[in-house]
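**Q** For reference, the structure I am asking about is given below.
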Amino acid sequence: MGAPRIVRTRGIPFPTGDPSLDSEEEREWRRQLIDKALEALSTSVSGPTVFDPAGEAQPA
Amino acid sequence: MSWVSPGESARIVKVLDAVEPRAKGDGAGGVFPGFLSPARPVGLGTTHVLRGAAVVAAGYLPRAQESVVEMSGEAAQLSPLGSTHNLVVEFEPSSDASWEDVDTALRRGLLKLAVRLAEAALEADPTAVEELPAAPAQAQDDRPRVAAITNLQTQGTFKDVFVYGSSMAGSLPTLIDPNELEDGAVVSGQYGHPGLKNPTYIHQNHPVAAALRASEEAELGGVIICPEPVDQAQKELVSALAARLCKTCGFDAAIVTKEGGGNADADIALKVDALEEIGIPAVGLFAEMAGREGTAPPLVAPPTKATAMVSTGNYDEELELGEVERALGGERIDLRDVDAHEAMEIPHAAIYCALNPLGWGRLTCEDAT
Amino acid sequence: MRIVHYINQYFAGVGGEEEAGRGPELREEAVGPGKRLQSLIGDEHEIVATVFCGDDYAAGTAEAAEEILSLTDDHDPELVVAGPAFTSGRYGVACSAVVAAAHERGLKAIASMHEDNPGLQDAGAAPVIESGESARRMKGTIERLAAAVQKLAAGEHLGEEDGRISRPRRVNVLADAPAAARAVELVLARLGGDTERTELRPPDFDQVTPAGPVEDLSEASVALVTEGGLVPAGNPDGLESSRATLWLRYSLEGRDSLPEGEFESVDGGFSTEAANEDPDRMVPLDVARELEQEGAIGRLHPEYLVTTGNGTAVASAKHFGVEWAVELHKAEVQAAILTAPGSPPSS
């Protein structure tokens with residue numbers, strides 16, 4: 001879709017959560033996502049790039 | 001309950017589901033399996049259809065979006081209900097009922113009423129008799145066998161579609177005989193995106209299945225129903241499996257339809273691409289979201305491999321509705337905050353089934369000269 | 001014809017970014033790129049006035065286009081030219097808004113910008129002619145624009161051969177056959193080897209030039225923005241559940257998280273149960289505050305911006321994007337995290 005920095009999340013209705021986790025685990029998951037978002041913001045990209053919270057960045 | 005007929009200066013607002021009256025003769029089983037008859041395979045024997053009539057629920061439900069049916073004027077031809085005699089059911093929930101229970105009761109009541117109406121005509125001589133053979137297991141001649149891949153909306157209460165009485169959510173692609181649809185195996189409980197809705201009435205008269213049956217050059221291979229999952233990995237899995245199912249069945253091509261907008265576009269795009277990837281030509285039915293002026297990019301999630309698309313019209317273009325004498329379903333049109341009788345300008349998106357994703361309508365888009 | 005030319009503050013020579021907030025002003029002559037344009041369109045046509053305006057003001061003020069045109073009322077324009085805006089987003093949005101408004105008033109109108117300019121889709125039915133990427137391509141750009149202006153003034157149609165890059169308008173019509181029957185025809189054509197036939201061509205999506213990385217997040221101001229329709233309970237400002245025409249802002253000051261019951265999502269495109277149960281699943285305030293307190297980010301912007309992404313026209317969405325950029329730029333925000341309840345791309 002052209003967005004340069006994308007963090008992959010788990011489901012449409014809850015971009016920064018995961019209701020299947022208990023509340024402490026969910027909070028940790030959210031922290032992981034936002035940490036990844038900050039990493040993306042500090043990374044130089046040349047085109048749409050997906051940052052997987054569990055892995056490496058790759059072209060979209 | 002009240003009747004409203006084609007040509008009347010009338011409007012139905014807050015339209016929810018619509019059902020065609022159908023019933024089975026003696027000993028032939030039931031219609032609407034899982035709701036009014038046991039959840040067992042249907043689609044055999046004789047089905048009595050009260051053609052030209054519909055039972056329609058209209059009123060407020062949460063998450064339902066404003067929808068309008070015109071019974072006269074230009075806009076009447078944009079909705080299947082514009083040319084049927086409609087028994088409109090308006091309702092008032094009991095104060096202690098949950099909305100989920102209201103929805104469930106409404107659906108059951110609507111289906112029962114449709115069957116009662118059709119049963120009243122069981123003794124009458126039919127105006128016409130149609131024979132619908134089951135989809136053949138193998139090619140009958142050298143015509144290509146084409147699958148109708150039918151995505152069903154599955155986003156929870158008020159945005160759900162039922163198959164044999166249960167939500168399609170969480171299911172994998174399923175091959176069914178088109179005749180199962182004739183007996184109401186698929187029932188809608190989906191009230192979002194009025195212009196992009198597939199009501200029960202249209203599932204009972206599946207337009208792609210009907211068009212393939214009518215074709216002399218193609219043969220209807222079968223109907224594959226699929227959920228529209230909310231999870232991306234599930235979307236990809238369902239799309240890949242639907243394509244593989246076509247391959248396994250030996251289908252030569254597929255026509256893919258959706259319900260709803262936005263996310264539903266991702267589902268249809270993934271499927272036509274998955275089909276093309278394994279060598280099965282695919283056509284998708286898309287609605288355009290090109291803005292009021294028709295100048296914006298028409299799709300938010302276009303396919304990247306498939307190229308053949310049918311346009312069911314621009315969702316955002318507005319049209320004029322005249323003043324009417326009679327309004328059913330509600331007193332106001334919330335979308336425009338006006339009295340439901342008044343003349344108004346309204347987007348095609350609000351006209352019930354105007355851009356019907358299952359291909360019922362004639363609406364499409366052209367480039368302006 | 002009597003022509004009014006619209007340009008931004010930079011090309012009018014009154015200043016750069018520091019003058020971006022400046023309102024519209026009129027000069028009764030050709031200014032900047034208008035001088036070359038005037039020399040090319042001959043004596044038949046005259047640039048009777050030039051209006052210029054700061055980019056932030058023009059792209060970030062709802063009524064700016066009307067204000068710009070009303071300045072020209074005494075000059076009886078017959079034709080309005082805007083740009084060239086090249087790839088400049090705010091300038092392009094302003095040019096498109098001006099020509100769209102002029103077209104609505106019944107004037108002839110034409111804009112010039114690069115095909116990647118986010119303003120391209122906003123020009124409505126007015127033609128947009130391709131420009132180069134930057135002012136280094138000014139000469140060829142103005143020559144092409146001048147030729148198009150002459151054709152437009154003569155009442156001729158502008159097409160691709162004239163460098164027109166705005167999509168032709170799509171209009172609803174009734175076909176002879178239902179969509180399902182047309183799909184069968186199309187599938188037969190496709191089986192017959194025809195891979196060209198379609199009723200709809202996919203749009204080319206924008207190539208967004210990525211902003212550079214934030215150098216030091218511990219010094220940066222970071223904003224939370226969402227297209228997930230998250231608003232205070234009761235939706236006091238009436239955000240639409242789909243096809244949004246507006247965006248809103250709500251304060252995050254004094255909050256460490258978004259409690260259940262105080263915020264809700266009105267987006268009609270998905271089940272909002274999970275977001276309503278814990279609104280931090282849509283706008284991750286709890287974690288963002290934690291990061292602010294730890295010093296991982298310098299400061300969290302004190303309000304979040306919100307619209308509904310469901311069914312929203314791409315043109316509206318682009319417009320909101322430009323307005324958000326202006327808004328955050330003015331507030332000296334260096335980075336934003338957008339939460340979107342949509343489908344992430346496949347890997």
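**Q** Hey, could you grab the Kirkwood Rh for the protein assembly as shown? Inverse mean 1/r over distinct alpha carbon pairs, Å, one decimal. List each step's numbers first, then the result.
**A** Numbers: mean 1/r = 0.0358 Å⁻¹.
Here the Kirkwood hydrodynamic radius works out to 27.9 Å.
**Q** Given that compact globular proteins tend to follow 2.2 N^0.38 Å, what is the ratio of the alpha-carbon Rg of the stretch B:10-110 to that value? Could the numbers behind the result be given before it?
**A** Working: Rg = 15.7 Å, N = 101, 2.2 N^0.38 = 12.7 Å.
That works out to 1.24 for the stretch B:10-110.
**Q** In what sequence, highest mean first, do B:43-49, C:307-313, B:176-182 appear when ranked by Cβ atoms within 10 angstrom?
**A** Details: B:43-49: 17.0, C:307-313: 25.4, B:176-182: 21.0.
Most protected by this proxy first, the peptides run C:307-313, B:176-182, B:43-49.
**Q** Output ³J(HN,Hα) for the stretch B:152-164: one whole-Hz value per residue in order, computed from phi by the Karplus curve 6.51 cos²θ - 1.76 cosθ + 1.60 with θ = phi - 60°, and x for Gly and Pro.
**A** With the stated coefficients, the stretch B:152-164 comes to 10, 5, 9, 10, x, 3, 6, 9, 10, 10, 10, 10, 6 Hz.
**Q** Could you tell me how many degrees, from 0 to 90 and to the nearest 10, lie between the Cα long axis of helix C:89-104 and the main elongation axis, the longest principal axis, of the Cα atoms of chain C?
**A** So the inclination is approximately 60 degrees.
**Q** Looking at the stretch B:82-159, which GluC sites (Glu not before Pro) are in a loop (DSSP not H, G, I, E or B) and have at most 11 other Cβ atoms within 10 Å?
**A** Values: sites: B:90, B:100, B:119, B:123, B:130, B:131; in loops: B:123, B:130, B:131.
Of the GluC sites (Glu not before Pro), the ones in loops of the stretch B:82-159 whose Cβ has at most 11 other Cβ atoms within 10 Å are B:123, B:130, B:131.
**Q** Tell me which DSSP H helices of chain B clear both cut-offs, 18 Å or more of axial length from alpha-carbon atoms and a mean Kyte-Doolittle hydropathy of at least -0.5.
**A** Numbers: long enough: B:99-119 (30 Å, -0.03); B:232-249 (26 Å, 0.19); B:263-277 (21 Å, -0.09).
Flagged H segments are B:99-119, B:232-249, B:263-277.
**Q** Further, regarding this structure: Could you state, as a whole-number percent, how many of the C-alpha pairs of the stretch B:182-294 are farther apart than 22 Å?
**A** Of the Cα pairs, 37 percent sit more than 22 Å apart.
**Q** Run the quick spin-label model on residue A:23 and residue B:129: label points 7 Å from Cα toward the beta carbon, then report their separation in nm to one decimal.
**A** For residue A:23 paired with residue B:129, the spin-label model returns 6.7 nm.
**Q** With a 10 Å radius around each residue's Cβ, average the other Cβ atoms per peptide and rank C:72-81, B:227-236, highest first.
**A** Numbers: C:72-81: 18.1, B:227-236: 20.4.
By packing density, highest mean first, the sequence is B:227-236, C:72-81.
**Q** Another question, then. Can you compute the radius of gyration and Dmax for the stretch C:217-339, using only the Cα atoms, both in Å?
**A** 14.0, 39
**Q** Further, regarding this structure: Whose amide H sits under 5 Å from the amide H of residue B:154, counting only residues 5 or more places off or on another chain, with H placed in the peptide plane?
**A** Under 5 Å from the amide H of residue B:154 lie the amide H atoms of B:228, each far enough along the sequence or on another chain.
**Q** In the stretch B:30-101, if the dipole is taken from +1 on Lys/Arg beta carbons and -1 on Asp/Glu beta carbons about the Cα centre, which of B:86, B:55, B:34 is farthest to the positive end?
**A** Working it through, the farthest residue towards the positive pole turns out to be B:34.
**Q** Of C:95, B:105, C:336, which is farthest towards the positive pole of the protein assembly as shown's charge dipole, taken about the Cα centre with +1 and -1 on the beta-carbons of Lys, Arg and Asp, Glu respectively?
**A** Of the options given, the answer is B:105.
**Q** Once the Cα gyration tensor of the stretch B:224-349 is found, what semi-axes does its equivalent ellipsoid get, as square roots of 5 times the eigenvalues, in whole Å, sorted largest first? Display every interim value, and only then the final one.
**A** Working: eigenvalues 267, 48, 32 Å².
Result for the stretch B:224-349: semi-axes of 37, 15, 13 Å.
**Q** Enter the Cα centre distance for the pair the stretch B:115-158 and the stretch B:306-367, rounded to the nearest angstrom.
**A** 27 Å
**Q** I would also like to ask the following. In whole Hz, what ³J(HN,Hα) sequence does the stretch C:28-38 give by Karplus (6.51, -1.76, 1.60; θ = phi - 60°), x for Gly and Pro?
**A** 8, 6, 6, 10, x, x, x, 5, 5, 4, 4
**Q** Within the stretch C:86-163, report the trypsin sites (Lys or Arg not before Pro) that DSSP leaves as loop and that have at most 16 other Cβ atoms within 10 Å. Please list the in-between numbers first.
**A** Numbers: sites: C:90, C:105, C:108, C:136, C:137, C:139, C:144, C:151; in loops: C:105.
When the trypsin sites (Lys or Arg not before Pro) of the stretch C:86-163 are filtered for loop state and at most 16 Cβ neighbours within 10 Å, C:105 remain.
**Q** What is the spin-label model distance, in nm, from residue C:331 to residue B:233 if the labels are put 7 Å beyond Cα along the C-beta direction?
**A** 3.5 nm
**Q** Would you grab the residues whose amide H sits under 5 Å from the one on residue C:23? Only those 5+ places off in sequence or on another chain, please, with H modelled 1.01 Å from N.
**A** C:54
**Q** Can you tell me the Rg and Dmax of the stretch B:114-228, counting just the alpha carbons, in angstroms?
**A** In order Rg, Dmax, the Cα atoms of the stretch B:114-228 give 15.7, 44 Å.
**Q** Just the number, please: Stokes-Einstein D of the stretch C:2-162 in µm²/s, Kirkwood Rh from C-alpha pairs, 20 °C, 1.002 mPa s.
**A** D, rounded to a whole number, is 143 µm²/s.
**Q** Evaluate E = 1/(1 + (r/R0)^6) for residue C:17 and residue C:255, where r is the Cβ-Cβ distance and R0 equals 51 Å; express this FRET efficiency to the nearest 0.05.
**A** Details: r = 33 Å, r/R0 = 0.64.
Computed FRET efficiency for residue C:17 and residue C:255: 0.95.
**Q** Can you give me the relative contact order of chain B as a percent, contacts being Cα pairs under 8 Å and 6 or more apart? Spell out each step's value before the answer.
**A** On the way: 891 pairs, mean separation 76.8, N = 369.
Answer for chain B is 21 percent.
**Q** Next question. Could you derive backbone 3J(HN,Hα) for the stretch C:232-242 from the dihedral phi with the Karplus parameters 6.51, -1.76 and 1.60 (θ = phi - 60°), listing whole Hz in sequence and x where the residue is Gly or Pro?
**A** Here the 3J(HN,Hα) series is x, 3, x, 6, x, 9, x, 5, 6, 7, 7 Hz.
**Q** Mind giving me the nanometre distance, one decimal, between the label points for residue B:139 and residue C:133, set 7 Å out from Cα along Cα→Cβ?
**A** Here the modelled spin labels are 5.1 nm apart.
**Q** Roughly how big is chain C's charge dipole about its Cα centre, with Cβ charges of +1 (Lys, Arg) and -1 (Asp, Glu), in debye to the nearest 20? Write out the running numbers ahead of the final one.
**A** Details: 29 positive and 60 negative charges, 281 e Å.
About 1340 debye.
**Q** Mind checking C:211-221 for the average number of partner chain beta-carbons within 10 Å of each residue's beta-carbon?
**A** Numbers: counts 5, 2, 8, 5, 1, 1, 4, 0, 0, 3, 0.
Per residue, the average neighbour count from other chains is 3.
**Q** Something else now. Above 13 angstrom, tally the Cα pairs of the stretch C:6-49 and express them as a % of all pairs, no decimals. Let's see the in-between values first.
**A** Numbers: 519 of 946 pairs.
Looking at the stretch C:6-49, the distances longer than 13 Å represent 55 percent of pairs.
**Q** A further question on this structure: In the structure shown, do any of C:151/C:318; B:247/B:305; C:35/C:318; B:14/B:197; C:35/C:151 have a Cα-Cα gap over 25 Å, and if so which? Mind showing how you got there, number by number?
**A** Details: C:151/C:318 30 Å; B:247/B:305 18 Å; C:35/C:318 32 Å; B:14/B:197 13 Å; C:35/C:151 19 Å.
Beyond 25 Å between Cα atoms: C:151/C:318; C:35/C:318.
**Q** Binning every alpha carbon pair distance of chain B at 10 Å from zero, what are the percents per bin?
**A** Once binned at 10 Å, the Cα pair distances of chain B give 5, 25, 34, 26, 9, 1, 0.
**Q** How big is D, in µm² s⁻¹, for chain C by Stokes-Einstein at 25 °C and 0.890 mPa s if Rh is the Kirkwood radius over C-alpha pairs? All intermediate terms of the calculation are to be shown ahead of the outcome.
**A** Details: Rh = 22.6 Å.
D, rounded to a whole number, is 109 µm²/s.
**Q** Would you please give the FRET efficiency between residue B:325 and residue C:196, computed as 1/(1 + (r/R0)^6) with r the Cβ-Cβ distance and R0 = 56 Å, to the nearest 0.05?
**A** Details: r = 49 Å, r/R0 = 0.88.
Once the sixth-power term is evaluated, E becomes 0.70.
**Q** Please report, in debye to the nearest 20, how large the charge dipole of the protein assembly as shown is about its Cα centre when each Lys and Arg carries +1 at its beta carbon and each Asp and Glu carries -1 there.
**A** Using Cβ point charges on Lys, Arg, Asp and Glu, the protein assembly as shown gives about 1660 debye.
**Q** Moving on. If amide H atoms are built 1.01 Å from N in the plane of the peptide, which residues on other chains or at least 5 residues away come under 5 Å of the amide H of residue B:340?
**A** It is B:332, B:333, by chain and number.
**Q** Next question, about the same structure. Relative contact order of the stretch C:2-162, please, whole-number percent, based on alpha carbon pairs below 8 angstrom and at least 6 residues apart. Write down the numbers at each step before the final one.
**A** Details: 336 pairs, mean separation 34.5, N = 161.
That works out to 21 percent.
**Q** Summarise the partner chain shielding of C:287-293 as one whole number: the mean count of Cβ atoms from other chains within 10 Å of each residue's Cβ. Working shown, then result.
**A** On the way: counts 11, 6, 0, 4, 5, 0, 0.
Average neighbour count from other chains, rounded to a whole number: 4.
**Q** Peptide A:38-47: average number of partner chain Cβ atoms within 10 Å per residue?
**A** Counting Cβ atoms of other protein chains within 10 Å of each residue's Cβ and averaging gives 5.
Read the figures in this text as sums done on the coordinates, not as results from a lab. Please read these numbers as outputs of a predicted model, since none were measured by experiment. A quick note on method: Cβ atoms are made from the backbone with ideal geometry, for glycine too, and the neighbour counts reach across all protein chains shown.
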